[in-house]
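Working notes, structure below.
The values are calculated or read from the model by the stated rules, or taken from the named source; none is laboratory data. These numbers come from a predicted model, not from an experiment. Note that each Cβ is placed from the backbone with ideal geometry, even for glycine, and that neighbours are counted across all protein chains shown.
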Amino acid sequence: EGLLLATLKDPAAYLVQSIYDIQGPLDTVRLQKAWIETTQQHAIFRTQFLLGLPDTPFPNLQLVRKHADACWLVADWSDLDPEVAQTEYLRLEREQGFDLKQIPIRFGLFHLAPDHHRLVISVHHAILDGWSGGLFTNALLLNYAGRVAPPAGQVKELVAHIQAGDAAQAERFWAAQLDGIESPSLLVDPYCVPDLTVKPSDAAYYGTLARTLELGDQVVDFAQSYGVTVSTFFRAAVALVLHRHTGSEHPVFGTVVSGRNVAVAQVESTIGPCINTIPCRARIGRALTVGDLLQTLHHDGTAAYDYEHCRLTDIHRWSGMSPEQPLFNVLLVY
């Protein structure tokens, strides 16, 4: 819902663009038919959103159509510089954004040279998450090849599972998880991240710090030695960094979760927006060992599986913290 409301303010918000180079003979008509077949197999591609409906108990609705509109642009770029043409096309797509009254996905298929095409997919994050991207392209290719796709989960099954949950229990869980947190552990001073130039008046900083650490195998081995996941390892690392720079013994940060750790059949094959952002609270004391921290975070993360779908605004309210105070300003995505 938050993604959609942001799109009302900025039609380009949460527009994701993926680019694929296709080598070899390509039947463009067949590819478009494969897309239509994919929409019939996965209802999320026939979904539109109606927001702000007046005089109704449900002002925001998700509507699934029987058939999806095919929004394709097919063009010849063989006489153009493909990189220049692509840059301009991507810019125009972002500038156009999405009208949520339409299915928020568009395709650009461009002929570059004999047996060489480029496919550009612009899609709203509200219908696809990162996990779903590979599932979608695999389904499209299977239909193009005329092969039978294996059974897949549907978003409606996940929605039904969430709606059948105990809302009061979810509130109790998150209230307990964040109990005692009176103020957030925010990275706000320049010394916290010395490579960034951040002034107190800055509302946000946009930039990238790239670091390559040759620690992959060591991280995996370390996590396995404590019986936890690599994700838990990184949660512990973030918690310790926050503890060091803020002094908080109960640092809270955001973490992106798949939303698929639920007892729903074939949820791993569901194409749709299952991810969510939830808070992670660590408990760091003087006598706590790294092993203790890892085990506690692992336990809390597993306990949260049934409540990962909760909206961050609701969790914030249940925490008892002032709505003017953010829960966190550090987000871990792994």
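Residue under question is Ile121, and the condition is that it be within 30 Å of Leu312 (Cα to Cα), assigned by TED's automatic domain parsing to the domain that holds Val64 and assigned to a loop (DSSP other than H, G, I, E, B); does it hold? No. Checked against the criterion of being among the polar types (S, T, N, Q), in a loop (DSSP other than H, G, I, E, B), under 15 Å from Ser132 (Cα atoms) and touching a helix residue (DSSP H, G or I) at 6+ places or on another chain (Cβ under 9 Å), segment 268-277 contains one or more residues that satisfy it. Among the residues of segment 34-78, the ones that are under 18 Å from Leu109 (Cα atoms) and without any contact (Cβ under 8 Å) to a residue 12 or more places away in the chain come to 0 in all. I'd like to know if segment 88-108 contains one or more residues that are without any contact (Cβ under 8 Å) to a residue 12 or more places away in the chain and within 29 Å of Val159 (Cα to Cα). So far as segment 88-108 goes, no, none of its residues is without any contact (Cβ under 8 Å) to a residue 12 or more places away in the chain and within 29 Å of Val159 (Cα to Cα).
Looking at segment 66-86, is at least one residue closer than 26 Å to Thr277 by Cβ and assigned by TED's automatic domain parsing to the domain that holds Tyr14? Checked segment 66-86: no residue is closer than 26 Å to Thr277 by Cβ and assigned by TED's automatic domain parsing to the domain that holds Tyr14. Considering only residues that are acidic (Asp, Glu) and surrounded by 15 or more Cβ atoms within 10 Å (Cβ to Cβ), which ones fall in segment 297-316? Asp300, Asp306, Glu308 - these are the residues of segment 297-316 that are acidic (Asp, Glu) and surrounded by 15 or more Cβ atoms within 10 Å (Cβ to Cβ).
Looking at segment 139-166, which of the residues that are modelled with pLDDT of 95 or more and not in a loop (DSSP other than H, G, I, E, B) is surrounded by the most Cβ atoms within 10 Å (Cβ to Cβ)? Restricting to residues being modelled with pLDDT of 95 or more and not in a loop (DSSP other than H, G, I, E, B), the top hit is Ala139.
Among the residues of segment 287-296, some residue qualifies, meaning at least one is part of a helix (DSSP H, G or I) and buried (at least 19 other Cβ atoms within 10 Å of the Cβ). Count of segment 95-137 residues, restricted to those that are surrounded by 15 or more Cβ atoms within 10 Å (Cβ to Cβ) and either closer than 15 Å to Val29 by Cα or of a type outside the set (A, V, I, L, M) (or both), is 22.
Only one of the numbered conditions (1) hydrophobic (A, V, I, L, M, F, W, C); (2) surrounded by 11 or more Cβ atoms within 10 Å (Cβ to Cβ); (3) at pLDDT 95 or above is violated by Val29, and that is (2). Residue count for segment 297-334, restricted to those that are part of a loop (DSSP other than H, G, I, E, B) and over 22 Å from the mean Cα position of the chain (by Cα): 6. Only residues that are closer than 16 Å to Gln96 by Cβ and surrounded by 13 or more Cβ atoms within 10 Å (Cβ to Cβ) were counted in segment 1-26, giving 8. If the condition is being crowded, with 18+ Cβ neighbours inside 10 Å and at pLDDT 90 or above, then segment 167-188 contributes Ala170, Phe173, Trp174, Gln177, Leu178. For segment 71-114, the set of residues classified as in contact with a Phe, Trp or Tyr (Cβ under 6 Å, 6 or more places away or on another chain), closer than 20 Å to Thr39 by Cβ and part of a loop (DSSP other than H, G, I, E, B) consists of Leu100, Pro104, listed by residue number. For segment 237-262, the tally of residues that are touching a residue at least 24 places away in the same chain (Cβ under 8 Å) and on the phi > 0 side of the Ramachandran plot stands at 1.
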